[in-house]
Amino acid sequence: SIKAIESSSREDDTVWLTYWVVYGVFSVAEFFSDIFLYWFPFYYLGKCLFLMWCMAPTSWNGSQLLYQTVIRPCFLRHHQTVDNVLGSLSTTA
């Protein structure tokens, strides 16, 4: 990610930063569901394959697809509420 940020091309920045957003959302979801999911056979293999799909250097990789279809619409619906809560928390702090 540091290499992507420090490069002169902006295209690779978007690819890797999108991956990290998807990975962050996945990590939060996994934190709450891991206690149930790790009982499933091949859970860790599926998780590894999912993360490899998210990093795949193709136009149809998982992070681009998930970001455009799930994360971005949810963010656009709720970003004003999140900004208001963070603003009130910063003034309170």
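Details
- For the chain, the 222 nm mean residue ellipticity estimated from helices alone, with every DSSP H stretch of n ≥ 4 adding -39500 (n - 2.57) and the total spread over all residues, rounds to -24500 deg cm²/dmol.
- Read-out volume of the Cα convex hull per residue in Å³, derived from the coordinates shown; its label in (i) 152; (ii) 131; (iii) 89: (i)
- Under the simplified labelling scheme, the Trp60-Val21 pair shows an inter-label distance of 2.2 nm, with each label point 7 Å from Cα along Cα→Cβ.
- Rounded FRET efficiency, nearest 0.05, which uses the C-beta distance separating Ala29 from Leu86 and R0 of 30 Å: 0.90
- Relative intensity, log₁₀ I(q)/I(0), of segment 42-93 from a Debye sum that treats every alpha carbon as a point, q = 0.14, 0.16, 0.21 Å⁻¹: -0.58, -0.65, -0.77
- Applying a DSSP loop filter and a limit of 14 other Cβ atoms within 10 Å to the trypsin sites (Lys or Arg not before Pro) in segment 1-92 leaves Arg10.
None of the figures in this text is laboratory data; all of them are computed from the coordinates on show. Please read all numbers here as calculations on a predicted model, not as lab measurements. Virtual Cβ from ideal backbone geometry, glycine too; neighbours counted across all protein chains shown.
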